Amino acid sequence: MKSILSKLTLTAAALATMAAFSTTAVAAEKVVLGVAIPAATHGFTGGIVFWANQAKKDLEAANPDLKVIVKTAANAAEQANQLQDLMAVSKINALVVFPFESAALTKPVTEVHNKGVYVTVVDRGLTDTSAQDAYVSGDNTAFGKIPAEYLAKAMGGKGNLVAMRGIATTLDNERWDAFTGVLKNSPDIKILDAKYANWNRDDAFKVMQDYLTRFKQIDAVWAADDDMAVGVLKAIDQAKRTDIKIVFGGAGAKGMIKTLMDGKDPRIVANVSYSPKFMYDSIKLTAEARLKGEKLPATYIIPSVLITKENATQFYFPDSPF
């Protein structure tokens, strides 16, 4: 009898241990994914916010062991504070971050990564890549190369061009280096000036006004973002300038793609893809990998391609804010 009781006691203890292990295992499989992104301060980031929240909705519905927490920040300092809150309050074990600025967010993201959180960086890279497990981005080299190749051909290899850059980030540097690298092969195309306009239509409007005042002959503009292109076109129209034949934006905003499809503005003849939908893809890839206990490739690049009237319908997303 004593032997039987001993066996029953051991069995009960074993079951209790197994139950405890099972509970721990389930808890360990629970993925709490923080998403830190810029606020919708312009069209592209509006698209980023839209696709991030769409990913949260779709992924949480499909995966009961997943919680997605989306935080939006108006500046780099606010985003850094949000990362601390995601760690201390939300207890995240995975992070997808679209840095507001590269240099300013490198240290805060590093601190999160050093505490064992799996980190996927999206689009605007950090200045220290050891702070991340994975990097997901559009093809920034192609984003700069494709417009330069198109403009060089459309301008017949000669003429005056002005450019607008975004925010001082690693991706902007990649785009600019690729753009100027191509135009080195067209020495008769002169880049009159290139200023940062922060991927913002109002800032681009002001920069373009300055260009129009200083330069009496401009043949083409590379605006490097469709929001900036809107500001550029407004400034040109207000100044009633007719010398500018091409305004090349970028990222495939739905308004610009619709204009391209309809042929409403002869200055809008091409674009380059860089959809904010990659935010959805980044969150989905990270969440699904972590739920399986897996990692993403160190670098995951989503191709950028030339958009013309012939293929524009493939890049038109009317439900997106961008």
Exercise for review: Run down Ala229, Ala224 and say which single residue is hydrophobic (A, V, I, L, M, F, W, C), outside any loop (DSSP other than H, G, I, E, B) and either under 14 Å from Leu161 (Cβ atoms) or at pLDDT 95 or above (or both).
Suggested key: Ala229
Revision key, fill the gap. If we ask which residues in the stretch 283-302 are open to solvent by 30 Å² or more (accessible area, probe 1.4 Å) and under 15 Å from the mean Cα position of the chain (by Cα), their number turns out to be 6
Review point. Hey, Lys284 hits all of (1) charged (D, E, K, R); (2) out of contact with any Leu (no Cβ under 7 Å at 6 or more places or on another chain); (3) part of a helix (DSSP H, G or I); (4) at pLDDT 95 or above but one; which does it fall short on?
Key: (2)
Practice item. Check whether at least one residue in the stretch 216-233 is among the acidic types (Asp, Glu) and open to solvent by 70 Å² or more (accessible area, probe 1.4 Å), and report yes or no. Key: no
Review point. Just checking, how many residues over the stretch 306-322 are hydrophobic (A, V, I, L, M, F, W, C) and either at pLDDT below 95 or out of contact with any Ser or Thr (no Cβ under 9 Å at 6 or more places or on another chain) (or both)?
Key: 4
Exercise for review: Report yes if Lys190 is free of Cβ contacts under 8 Å to residues at least 12 places away in the same chain and either open to solvent by 60 Å² or more (accessible area, probe 1.4 Å) or of a type in the set (D, E, K, R) (or both), otherwise no.
Suggested key: no
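Please work out if Glu310 is more than 20 Å from Gly116 (Cβ to Cβ), without any contact (Cβ under 8 Å) to a residue 40 or more places away in the chain and assigned to a loop (DSSP other than H, G, I, E, B).
Working: more than 20 Å from Gly116 (Cβ to Cβ): yes; without any contact (Cβ under 8 Å) to a residue 40 or more places away in the chain: yes; assigned to a loop (DSSP other than H, G, I, E, B): yes.
Spelling it out, Glu310 is indeed more than 20 Å from Gly116 (Cβ to Cβ), without any contact (Cβ under 8 Å) to a residue 40 or more places away in the chain and assigned to a loop (DSSP other than H, G, I, E, B).
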Check your understanding: Of the residues Asn198, Asn173, which is open to solvent by 60 Å² or more (accessible area, probe 1.4 Å), within 22 Å of Gly46 (Cβ to Cβ) and either without any contact (Cβ under 8 Å) to a residue 40 or more places away in the chain or not aromatic (Phe, Trp, Tyr) (or both)?
Key -> Asn198
Review point. Taking the condition in contact with a strand residue (DSSP E or B) (Cβ under 8 Å, 6 or more places away or on another chain), under 23 Å from Ile167 (Cβ atoms) and open to solvent by 30 Å² or more (accessible area, probe 1.4 Å), does Tyr280 pass?
Key: no
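The values are calculated or read from the model by the stated rules, or taken from the named source; none is laboratory data. None of the values given here were measured: they were computed from a predicted structure. Quick reminder, even Gly has a Cβ in these numbers, built from the backbone with ideal geometry, and neighbours come from all protein chains shown. Surface areas here come from the heavy atoms of the whole protein model, side chains and all, with no ligands, DNA or RNA. Shrake-Rupley method; radii C 1.70, N 1.55, O 1.52, S 1.80 Å.
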